[in-house]
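Enquirer: Can you keep this structure in mind? I'll have questions shortly.
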Amino acid sequence: VSTENTFSEDRGLPGDADMASGKIAKPYLNSSEAVSEGVRVEASSEYRPERSNPTQNKLCFAYNIRITNESSGTVQLVSRRFEIQTIGSDTKDVVQGPGVTGRQPILKPGESFEYTSTAPLNVDVSVMEDMENYEVAARMQGEYSFVKINEDGSPLSSTPLQAKLAMFHFIIGNEE
């Protein structure tokens, strides 16, 4: 499944100083993995040069997410919230909404849901060229909200739980 996200222009969140300055400590990785509330979230990204146009400050990345239910009960993903910060920016964009790829998958114990999405980024490439870590275009992190559900599909609780999407980077060229 492949979808394209258009990252919102909500620039209300303060960004991380290292991304704003371009002085990012190594290792920075194009993948991440986290387990929270019995749900594992694995992420990886890949630069898509054929869909990018650096002369117009357009860099495109594909990212793959795999969500695995490692708990003993059934869960349903209900929403997502991501924060993304491009290199040289002092703010973060927020992407949020119901489900993923138009769905709210139900995962029984041991089941996984995987999807690939596209992140078209507007990055000032001239700013990147002046920075130490030219290969890092952006970083992303966030969470997925889910509820535990009964066998009949009804929620066990009205309060959603959070599965963390650990930080990963959108890297051009050599991925370390």
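The values are calculated or read from the model by the stated rules, or taken from the named source; none is laboratory data. As the structure is a prediction and not an experimental result, all values here were calculated from the model. Heads up, the Cβs are rebuilt from the backbone with ideal geometry, glycines too, and the neighbour counts pull from every protein chain shown. Accessible surface is based on the protein model in full, side chains and every heavy atom, while ligands, DNA and RNA are left aside. Shrake-Rupley method; radii C 1.70, N 1.55, O 1.52, S 1.80 Å.
Enquirer: Only one of these conditions is not met by I106: (1) open to solvent by less than 50 Å² (accessible area, probe 1.4 Å); (2) touching a residue at least 24 places away in the same chain (Cβ under 8 Å). Which number is it?
Expert: Checking I106 against (1) open to solvent by less than 50 Å² (accessible area, probe 1.4 Å); (2) touching a residue at least 24 places away in the same chain (Cβ under 8 Å), the one that fails is (1).
Enquirer: While we're looking at this one, here's another question. Just to be sure I understand the filter: pairs with C-beta atoms under 8 Å, separated by 6 or more residues or on different chains, first member in region 74-99 and farther than 19 Å from F61 by Cβ and part of a strand (DSSP E or B), second member among the aromatic types (F, W, Y) and open to solvent by 20 Å² or more (accessible area, probe 1.4 Å). Which pairs pass?
Expert: Listed pairs, sorted by first residue: L77/F113.
Enquirer: Same structure, new question: Quick test of your reading of the structure: S31 fulfils all but one of (1) touching a strand residue (DSSP E or B) at 6+ places or on another chain (Cβ under 7 Å); (2) of a type in the set (S, T, Y); (3) closer than 20 Å to I172 by Cα; (4) modelled with pLDDT under 85. Name the failing condition by number.
Expert: (4)
Enquirer: A follow-up question, please. Scan region 151-168 for residues that are in contact (Cβ under 8 Å) with a residue 40 or more places away in the chain and open to solvent by 10 Å² or more (accessible area, probe 1.4 Å) and jot them down.
Expert: E151, G153, P155, L156, P160, L161, Q162, K164, A166, M167
Enquirer: Take region 14-54 and flag every residue that is of a type outside the set (A, V, I, L, M, F, W, C), assigned to a helix (DSSP H, G or I) and in contact (Cβ under 8 Å) with a residue 12 or more places away in the chain.
Expert: S21, R51, P54
Enquirer: Also, quick follow-up: Within region 40-56, can you find the residues that are open to solvent by less than 50 Å² (accessible area, probe 1.4 Å) and over 17 Å from E135 (Cβ atoms)?
Expert: V41, A43
Enquirer: Would you be able to tell me the number of residues in region 57-88 that are under 26 Å from I24 (Cα atoms) and open to solvent by less than 20 Å² (accessible area, probe 1.4 Å)?
Expert: 10
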